[in-house]
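Have a look at the structure below before the remarks.
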C-alpha cells in the first residue's frame, strides 16, 4: 500500500510517502529534513487517516525535530484539534 500526503510546511510543499508490504516494512520514524518525521507532517496537516496509520504502525509520537518540537507541537501550532486530541491520548 502506498500512502501519499501533501502539506504546506515552512513555505514548501512537502510530499511524503510510506510504503508497506508484507516483506518490507517502512521505517515510519525515519526523519526527513530537519529531523521531521512523517508524523510531524501529518499532524501539522491534520490528516487524521495518516496520523492514525502512522501511530498504529509504531510511529514515535514524542519524536523531536530540529526545533525540539513533537508532532503534538506541530498539530497545536496549526490548530489541528482532532490531531491534538488524538496525540494527547497516545
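The values are calculated or read from the model by the stated rules, or taken from the named source; none is laboratory data. Source: prediction; values computed, not measured. Note that we place each Cβ from the backbone using ideal geometry, even for glycine, and neighbour counts take in every protein chain shown.
Could you tell me which residue of region 71-90 is surrounded by the most Cβ atoms within 10 Å (Cβ to Cβ), considering only residues that are part of a loop (DSSP other than H, G, I, E, B) and either free of Cβ contacts under 8 Å to residues at least 24 places away in the same chain or on the phi > 0 side of the Ramachandran plot (or both)?
So, considering only residues that are part of a loop (DSSP other than H, G, I, E, B) and either free of Cβ contacts under 8 Å to residues at least 24 places away in the same chain or on the phi > 0 side of the Ramachandran plot (or both), the one surrounded by the most Cβ atoms within 10 Å (Cβ to Cβ) is 79.
Name the single residue, out of those in region 28-45 being farther than 19 Å from residue 80 by Cβ and part of a helix (DSSP H, G or I), that is modelled with the lowest pLDDT.
So, considering only residues that are farther than 19 Å from residue 80 by Cβ and part of a helix (DSSP H, G or I), the one modelled with the lowest pLDDT is 33.
Sort out which residues of region 46-63 are touching a helix residue (DSSP H, G or I) at 6+ places or on another chain (Cβ under 7 Å) and part of a loop (DSSP other than H, G, I, E, B), and write them in order of number.
Matches in region 46-63: 46, 59, 61, 63.
Which condition number in (1) surrounded by 11 or more Cβ atoms within 10 Å (Cβ to Cβ); (2) modelled with pLDDT of 90 or more is the one that residue 66 fails?
The failed condition is (1).
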